[in-house]
Structures are given as C-alpha cells and as structure tokens.
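Only one structure is covered here, and it is reproduced in the block below.
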Amino acid sequence: MAKTVQDILSIIRENGIRMVDFKMVDINGQYRHVTIPAENFSEDTMKSGIGFDASNYGYAVVEKSDMVFIPDPDTAVIDPFCDIPTLSMTGNAMIIDTPENRPLAQYPRNIVLAAEKYMQDTGIADEMYILPEFEFYLFDEIGWDVQSNNISVTMDTKHSYWNSGIEGKGVVVPKQKNYHIAKPFDDAYEARSEMCMHMKDAGIEINYHHPEVAASGQFEIEPQLGKMSKMADNTMMIKYIIHNTALKYGKSATFMPKPVYGEAGSGMHVHMLLMKDGQPVFSDDNGYAHLSKTAHWFMGGLLKHIASLCAITNPSTNSFKRLVPGFEAPVTVGYATSNRSAVIRIPAYAKTPEKRRFELRNPDATCNPYFCYAAILMAGLDGVENQIDPHENGWGPYDVNLYHLSDEEKAKLHHLPASLDEALDALEKDHDYLTKGGVFPEALLKSFIAAKRAECLALSQIPHPAEFDKYYNL
C-alpha cells in the first residue's frame with residue numbers, strides 16, 4: 001500500500017527521527033543528497049519539493065537549471081549509517097515552469113518510468129521484472145595517486161595469495177580460487193551478512209551472498225526478481241549499503257569492472273522477464289529453452305543494439321578491461337542455454353513458466369542503473385516490435401564454448417566493442433530505439449556522449465605505469 005504524508009509523519013514520531021534526507025541521482029548514477037530537520041517536513045514538502053541546481057548533476061544548462069525534487073514516500077527507509085536518526089527518501093526531479101510542475105525528462109528515475117509506460121502502451125507487456133547480480137571487491141587497503149611525478153595504485157586484501165609470504169596464520173587463498181570458499185578464508189562473511197540484513201530492512205529481498213572467483217576479495221550478492229523501476233531504486237540502495245557497511249568493517253568496496261590485474265572482473269548480469277495480465281510473456285513449452293517467440297524477439301533486439309547498449313551498460317573505460325576474450329565475461333554477440341561465454345545466457349535452472357527468463361551478461365555496476373535498465377527494455381521492445389529473430393540473424397543459439405571454436409569459426413562471430421570510444425560511436429549511430437516515445441531525450445544522449453568522450457580523451461593522455469615497464473629503456 002502506498003505511503004501517505006501522514007504515514008511518513010508517523011514514522012518520524014515513532015522512531016525519534018531528527019533528520020529527513022533526500023537522495024537524488026546524477027547523470028553518472030551516483031547519489032547526491034540534501035537534508036532537512038524532521039520538524040520541517042510537512043505536506044508542503046511533498047507538494048513543493050526541495051529546490052536544487054540540476055546543472056551540477058549533469059542534466060541541464062545553467063540558464064534553465066533550477067529544479068525541484070519531489071520525494072516519493074514509498075521509498076522511505078531509516079538510514080542505518082547515520083548516528084543521528086535519519087529517514088531517507090528518493091524521488092523525482094521536476095521542472096518548475098508550470099503551476100503543477102512537470103517531470104524533468106532527463107532525470108534517471110523519470111526515464112525508467114517513461115520506459116515502463118512505453119512498454120505498457122505497446123501492449124507487449126504490463127511489467128518487466130529484472131534481477132541484477134552484484135559482483136564487487138572488498139579491499140583492506142586501497143590508495144591511488146595521479147600526479148605529474150607519481151602515477152600509481154596500491155591495494156591489499158589480507159587473504160589474497162600475494163600475502164602468502166607474510167600472512168602469519170597461513171589464511172590465504174590461491175589465485176582465482178575464491179569461489180564459494182568458506183571460513184576461515186572468507187573473512188568478509190559477517191560484513192556481507194550485515195549488508196543483506198540492511199537490504200532486508202530496506203525492503204530488498206535477497207537470494208544469497210557468496211565469495212566470487214577472485215582471491216583478492218571478490219564477492220557477490222544477488223537480490224530476488226523485482227519490478228524494473230523498483231529495482232533501479234534498489235540498485236542504488238544496494239550499492240549504498242555495500243559501500244557503507246564495508247567501511248564499518250574497515251574495508252573498502254568497489255564495483256569497478258577490473259580493479260585487479262590478472263584476477264576476475266566484476267559484472268552486473270541482468271536477468272529479465274515480462275508479464276502481461278499476470279501471465280509470463282517469455283514462457284513457451286515448445287520453444288527453444290522453453291522460451292516464447294516474444295522472448296526470442298526481445299533477445300534479438302538486445303543483440304541487434306548491443307554495441308550501442310554497451311555505452312550505457314558499460315560506461316567506463318575500465319569496463320572494457322573486463323570484456324576481453326578467453327574468460328567468463330562475454331565478448332561474442334550471441335545467445336545460448338547455460339553458456340557463460342555468450343552475451344545472452346538462458347539459465348537452465350529456471351524451469352517454471354513464471355521464472356523462465358534470460359540474462360544479459362555484459363553490463364557492469366559502473367552504469368547508471370536507471371539508464372541501463374530502461375535502455376535494455378527499449379532495445380528488447382524494439383526487437384519484439386520488429387520481430388528480430390536472433391537465430392535468423394546468425395546470433396545462435398551457441399550451445400558450445402565460444403572460446404573453444406577454431407579460428408575460422410571465430411572469424412564468423414560478431415563481437416562487442418573493444419573500448420568505450422567504440423561503444424560511443426555505436427550509440428551516436430544507433431539510438432532511435434531509445435528515443436521512441438520520448439523515453440530518452442536526444443539532449444540527454446548528446447550530453448552523456450559528450451561527457452564520456454571527455455573522459456576517454458582525458459584518460460588516454462595519462463601515461464600508464466605498465467608503459468614504463470614496456471618502453472622506458474627503449
């Protein structure tokens with residue numbers, strides 16, 4: 001049941017709340033916030049909102065940057081990381097050019113809501129459910145420096161293999177042997193369990209948590225399937241909880257796709273399914289992997305637009321240090337059942353009609369989740385609307401390990417972009433599927449591309465320590 005202003009006021013009274021915190025999202029998918037004393041919260045707060053300068057968030061030019069933030073009472077949670085009792089809410093950004101205000105079309109939360117409405121207007125489905133898998137590293141020590149006279153990064157995880165010579169108790173994990181490892185090697189167990197308890201308190205149901213492959217402190221937390229717009233909010237909260245709980249335990253969390261040279265990268269695989277009138281759209285007992293024609297067309301849309309999608313689902317230069325051939329991270333455009341070397345994997349364990357689905361394996365958590373999930377939905381819907389069959393387009397099914405093919409067979413395959421610049425090139429050429437129904441404003445895409453181009457240029461001009469190893473003495 002939707003919360004009312006009176007519900008919020010009751011929560012404030014019953015829990016001794018002293019501050020109300022409003023969390024907003026910038027163009028990069030990072031929280032910003034503004035806080036008011038609890039006694040200042042009223043019905044007028046929900047109507048008039050909180051003013052802010054959107055130009056500092058990357059959304060609007062300075063001349064038209066005055067916006068208001070309208071809290072969504074359904075997102076209210078007590079923030080467990082504030083010593084002063086604090087109630088936290090997210091919500092939507094509005095333009096104050098009419099008496100009623102209107103949604104800022106570029107604001108991430110408004111985009112994901114617009115994508116859901118577009119889906120409903122097509123009649124293809126009523127709801128999209130997704131399940132993102134959160135892979136991340138926890139370091140005991142981390143530091144970096146980018147100066148004219150020093151370009152460096154150092155990190156440490158006590159149980160990593162590189163400490164085998166100095167860890168006095170011998171509690172170290174061999175390289176790439178961390179997957180599901182138990183105590184005493186899993187020294188982050190309590191931290192992850194507490195993360196999951198905080199998520200539960202925030203209304204986020206969790207399937208499980210466990211150590212991942214990389215022995216340098218890689219882990220995974222998987223939530224349960226949820227409605228797309230709600231899961232976008234939950235993604236922000238999950239990352240917030242992981243970062244803050246890690247600090248409590250003296251660790252630092254990162255969702256960088258490739259923070260450790262020679263170790264496994266971290267992705268955010270996104271499982272998805274559609275529902276209409278309470279019935280699963282993707283299920284068909286007679287289809288390949290028990291998936292319907294609509295499911296296959298949806299996959300076809302994702303695969304057709306995958307290069308441009310990468311600019312949104314993998315929006316960092318570091319993303320493409322994970323997406324390299326020869327490992328579980330996918331680089332080949334294709335689909336298959338139980339095959340982690342394909343961009344789209346159909347899990348064989350999802351057997352019941354309401355759970356039949358597939359996962360897109362290339363995304364990572366450096367993305368803005370609202371943009372990422374909305375773009376995935378729009379690409380899939382384009383596939384359904386145009387009946388893009390992935391098999392007819394030569395994208396599979398690939399029920400073999402794609403990395404074990406002969407060179408001749410590999411030459412026939414299509415691949416993901418090799419860099420963020422390549423992905424941005426693709427997005428410039430292929431984004432009409434995103435702007436349908438005004439879901440992604442053209443101005444936002446231009447701003448996003450320009451900002452990412454600037455990132456690529458800046459990083460390309462910084463000498464890399466490995467370049468000294470290769471070239472210094474030539």
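The values are calculated or read from the model by the stated rules, or taken from the named source; none is laboratory data. This structure is a prediction, so every number in the text was calculated from the model and none was measured. With ideal geometry, Cβ positions are generated from the backbone for all residues, glycine too; neighbour counts draw on all protein chains shown.
Would you confirm whether or not region 422-429 contains a residue that is assigned by TED's automatic domain parsing to the domain that holds Gly301, assigned to a loop (DSSP other than H, G, I, E, B) and either in contact (Cβ under 8 Å) with a residue 40 or more places away in the chain or within 26 Å of the chain's Cα centre (by Cα) (or both)? Give the derivation first.
Let us first name the residues in region 422-429 that are assigned by TED's automatic domain parsing to the domain that holds Gly301, namely 422-429.
This time we only want the ones that are assigned to a loop (DSSP other than H, G, I, E, B), so: none.
Within region 422-429, none of the residues are assigned by TED's automatic domain parsing to the domain that holds Gly301, assigned to a loop (DSSP other than H, G, I, E, B) and either in contact (Cβ under 8 Å) with a residue 40 or more places away in the chain or within 26 Å of the chain's Cα centre (by Cα) (or both).
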* Asked: So which pairs qualify, if the first residue must be in region 160-188 and on the phi > 0 side of the Ramachandran plot, the second must be surrounded by 15 or more Cβ atoms within 10 Å (Cβ to Cβ) and assigned to a loop (DSSP other than H, G, I, E, B), the Cβ gap must be under 7 Å, and the two must be at least 6 apart or on different chains?
  -> Gln176/Val213; Gln176/Ala214; Gln176/Ala215; Gln176/Glu263; Gln176/Ala264
* **Conditions (1) among the charged types (D, E, K, R); (2) in a strand (DSSP E or B); (3) crowded, with 22+ Cβ neighbours inside 10 Å: number failed by Asp233** => (2)
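Is it fair to say Asn318 is crowded, with 24+ Cβ neighbours inside 10 Å, in contact (Cβ under 8 Å) with a residue 12 or more places away in the chain and under 23 Å from Phe219 (Cβ atoms)? Reasoning before the result, please.
Details: crowded, with 24+ Cβ neighbours inside 10 Å: no; in contact (Cβ under 8 Å) with a residue 12 or more places away in the chain: yes; under 23 Å from Phe219 (Cβ atoms): yes.
No; evaluated as a whole, the condition is false for this residue.
Given the criteria farther than 29 Å from Ile78 by Cα, small (Gly, Ala, Ser) and surrounded by 15 or more Cβ atoms within 10 Å (Cβ to Cβ), does Ser160 qualify? Even if it seems obvious, please write down each step before you answer.
Details: farther than 29 Å from Ile78 by Cα: yes; small (Gly, Ala, Ser): yes; surrounded by 15 or more Cβ atoms within 10 Å (Cβ to Cβ): yes.
The answer is yes for Ser160.
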* Structure fact -> Over region 221-230, the set of residues surrounded by fewer than 20 Cβ atoms within 10 Å (Cβ to Cβ) and within 24 Å of Ala188 (Cβ to Cβ) is Glu222, Gln224
* When only residues in region 9-49 that are within 16 Å of Asp74 (Cβ to Cβ), out of contact with any Phe, Trp or Tyr (no Cβ under 7 Å at 6 or more places or on another chain) and hydrophobic (A, V, I, L, M, F, W, C) count, which is surrounded by the most Cβ atoms within 10 Å (Cβ to Cβ)? -> Phe41
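If you check Tyr370 against the conditions, is it surrounded by 21 or more Cβ atoms within 10 Å (Cβ to Cβ) and either in a helix (DSSP H, G or I) or among the acidic types (Asp, Glu) (or both)? Walk me through it before giving the result.
Values: surrounded by 21 or more Cβ atoms within 10 Å (Cβ to Cβ): yes; either in a helix (DSSP H, G or I) or among the acidic types (Asp, Glu) (or both): yes.
Yes; evaluated as a whole, the condition is true for this residue.
Yes/no matrix, rows are residues, columns are (1) of a type in the set (Val, Ile, Thr); (2) surrounded by 13 or more Cβ atoms within 10 Å (Cβ to Cβ); (3) modelled with pLDDT of 95 or more:
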| residue | (1), (2), (3) |
| --- | --- |
| Val400 | yes, yes, no |
| His404 | no, no, no |
| Lys429 | no, no, yes |
| Tyr433 | no, yes, yes |
| Phe440 | no, yes, yes |
| Ser447 | no, yes, no |
| Glu455 | no, yes, yes |
| Ala458 | no, no, yes |
* Please tell me if Ala375 is small (Gly, Ala, Ser) and within 20 Å of Pro315 (Cα to Cα). => yes
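Kindly provide the set of residues from region 373-401 that are touching a strand residue (DSSP E or B) at 6+ places or on another chain (Cβ under 7 Å) and in a helix (DSSP H, G or I), ordered by number.
Tyr373, Ile376, Leu377
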* To do: Determine the pairs where a residue that is free of Cβ contacts under 8 Å to residues at least 60 places away in the same chain and assigned by TED's automatic domain parsing to the domain that holds Pro80, located within region 1-28, has a partner that is exposed (fewer than 14 other Cβ atoms within 10 Å of the Cβ) and not in a loop (DSSP other than H, G, I, E, B) with Cβ atoms under 7 Å apart, the partner being 6 or more residues away or on another chain.
  => Asp26/Arg32
* Asked: Picking from Arg453, Arg361, which residue would you name as being basic (Lys, Arg), outside the structural domain of Lys258 (by TED's automatic domain parsing) and over 22 Å from Met272 (Cα atoms)?
  -> Arg453
* **Every pair of residues 6+ apart whose Cβ atoms lie under 8 Å, when the first sits in region 342-366 and is part of a strand (DSSP E or B) while the second is of a type in the set (Ser, Thr, Tyr) and surrounded by fewer than 24 Cβ atoms within 10 Å (Cβ to Cβ)** => Ala342/Thr332; Ala342/Tyr398; Val343/Thr332; Arg345/Thr337; Arg345/Ser338; Ile346/Thr337; Ile346/Ser338
* If you check Ile124, Ile142, Ile130, Ile111, which single one turns out to be over 21 Å from the mean Cα position of the chain (by Cα), crowded, with 19+ Cβ neighbours inside 10 Å and either touching a residue at least 40 places away in the same chain (Cβ under 8 Å) or part of a strand (DSSP E or B) (or both)? -> Ile124
* Do we have His180 as in contact with a His (Cβ under 7 Å, 6 or more places away or on another chain) and at pLDDT 95 or above here? -> yes
